[in-house]
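What follows is calculated from the coordinates using simple rules that are stated; it is not laboratory data. Computed from a prediction, not measured in an experiment: that's the story for all the values here. Cβ placement follows ideal geometry from the backbone for every residue including glycine, while neighbour counts extend to all protein chains displayed.
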Amino acid sequence: MKLALVGVGGAGSRLVDAIRGIETAGDRQLCYGHLLTVDISRTVDDDFDHVPPEKHVTIGDTHREVDAGVDGDQDLAVEIIRTDFPEIHRTLDSIPMRKLDGVLVAAGLGGGTGSGAGAVLVERLQDMYDKPVYVLGVLPGESEGGSPALNAARSLRSLVPTADSVVLFDNDRWAGGDDEDDGYAQANRELASRIVTLFAREDTDPEAIGANTMDSSDLIRTLSPGGVASIGYAETDLDDGGGVLSWLRSLLPGGGDDSDEPTDAVKIQSLVRQALNARLTLPCEVSSAERALVVLSGPPEELSRRGFESARQWLEEEAETVEVLAGDDPRAGASTVSAAVLLSNVTEVPRIDALQRRAVEYDGRNGEEDAHENADTVQATDESD
């Protein structure tokens with residue numbers, strides 16, 4: 001799949017930088033260099049390793065209320081991007097959208113820029129292009145407080161009905177450890193790796209493509225119901241079983257054609273189960289997904305037909321839907337076999353329910369405080385009269 005990458009705000013821009021870094025370090029391509037990062041600040045952020053300066057747009061630098069950012073002010077971010085959008089539009093014009101399958105907008109939903117400007121940008125992109133616009137949203141952690149939760153809740157109310165699908169990432173499940181900055185950087189790398197594994201494909205000879213290889217239409221179809229999506233991932237080292245089994249079978253008459261071996265079916269089904277039972281990007285009830293897709297990656301000889309069918313049937317049972325696609329991503333010489341699972345339009349997500357409750361509580365407390373402040377102001381005015 002070929003997607004233009006657009007990062008909004010500090011978190012979204014760093015995530016795009018991480019995705020591009022994984023692209024350039026490997027042999028998979030997702031954006032082919034077609035990217036853009038946008039932030040609101042008086043100074044240009046040069047803390048990128050893989051985003052060229054000409055692909056970074058700084059807006060709001062002449063706005064009197066902007067310093068290093070908008071300080072979590074979602075409404076201010078919305079005002080600024082609407083005023084300065086022509087600057088973004090000029091850079092977008094340099095991206096050949098007709099050659100791409102869609103756009104992926106990355107944003108941290110707890111900050112003012114990502115949640116406010118990101119939602120406006122998705123609306124504008126939908127108006128500008130006849131291509132799917134997906135969102136990769138990072139939820140704020142519980143420890144970040146009520147204001148980021150309120151920003152995220154408001155942003156989701158806008159993004160979910162507007163975007164073609166919103167893939168969410170729960171920071172609380174990933175960014176642990178004593179060093180918060182290192183934790184977030186590692187979380188970015190983990191998320192970027194999953195995005196590239198699922199959406200990007202290796203540039204290869206068309207004759208080497210597997211019979212079950214996924215293409216962009218499969219991903220578009222899986223994400224077409226819209227709503228919220230989550231990604232699961234697991235891998236196993238072939239030296240810990242798969243490679244040894246293949247080597248032993250290769251010594252048997254017939255060269256070890258194991259395409260119908262039940263051992264492979266069990267092994268691949270176990271891998272898909274691990275992908276769902278391990279850390280999903282957004283913990284959710286698997287059976288609430290409307291559609292699902294699984295991509296198995298590894299050496300072609302390790303990807304059996306029976307394994308594909310077994311994985312697809314098991315996922316159909318778990319997700320309680322027949323809308324399940326399964327495909328392969330053959331990688332000659334790979335030392336691992338991996339499974340990436342995409343769950344589309346999940347509706348039972350405890351993390352979002354908790355986020356919304358936190359946002360309502362915070363908004364209610366702020367409303368009471370504002371009311372008290374207004375009453376104090378009125379009383380002080382009356383006394384002075």
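Table for the structure above
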{"quantity": "3J(HN,Hα) from dihedral phi, the range 82-88, Karplus parametrisation 6.51/-1.76/1.60, rounded to Hz, x for glycine, proline", "calculated": "5, 6, 9, 4, x, 5, 5"}
{"quantity": "For Arg201, distant residues with modelled amide H under 5 Å away", "calculated": "Gln29"}
{"quantity": "Cα shape, the range 3-202, gyration tensor, a/c 1.5 rule", "calculated": "rounded"}
{"quantity": "Filtered GluC sites (Glu not before Pro), the range 1-105: DSSP coil and at most 13 other beta carbons within 10 Å", "calculated": "Glu65"}
{"quantity": "³J(HN,Hα) computed for each position of the range 69-78 - Karplus, 6.51 cos²θ - 1.76 cosθ + 1.60, integer Hz, glycine/proline x", "calculated": "x, 9, 6, x, 7, 5, 5, 5, 4, 4"}
{"quantity": "Cα centroid separation, the range 291-358 to the range 1-24 (Å)", "calculated": "23 Å"}
{"quantity": "Spacing of the two label points (7 Å from each Cα toward its C-beta) at Gln186 and Ala332, in nm", "calculated": "3.7 nm"}
{"quantity": "Alpha-carbon centroids, the range 215-230 and the range 127-171: separation in whole Å", "calculated": "16 Å"}
{"quantity": "Computed lengthening from Gln274 to Asp27, 0.36 nm per intervening residue step minus Cα-Cα distance", "calculated": "86.4 nm"}
{"quantity": "Backbone N under 11 Å from the Glu142 label point (7 Å along Cα→Cβ), restricted to the range 151-173", "calculated": "172-173"}
{"quantity": "Stretchable slack from His63 to Asn212, in nm (0.36 nm times residue separation minus alpha-carbon distance)", "calculated": "48.4 nm"}
{"quantity": "Amide H contacts of Leu325 (H built 1.01 Å from N, under 5 Å, at least 5 apart or other chain)", "calculated": "Ala292, Leu293, Val294"}
{"quantity": "Karplus-derived 3J(HN,Hα), 6.51/-1.76/1.60, for each residue of the range 312-329, Hz, glycine and proline x", "calculated": "5, 5, 5, 5, 4, 5, 5, 7, 6, 8, 8, 7, 10, 10, 9, x, 10, 9"}
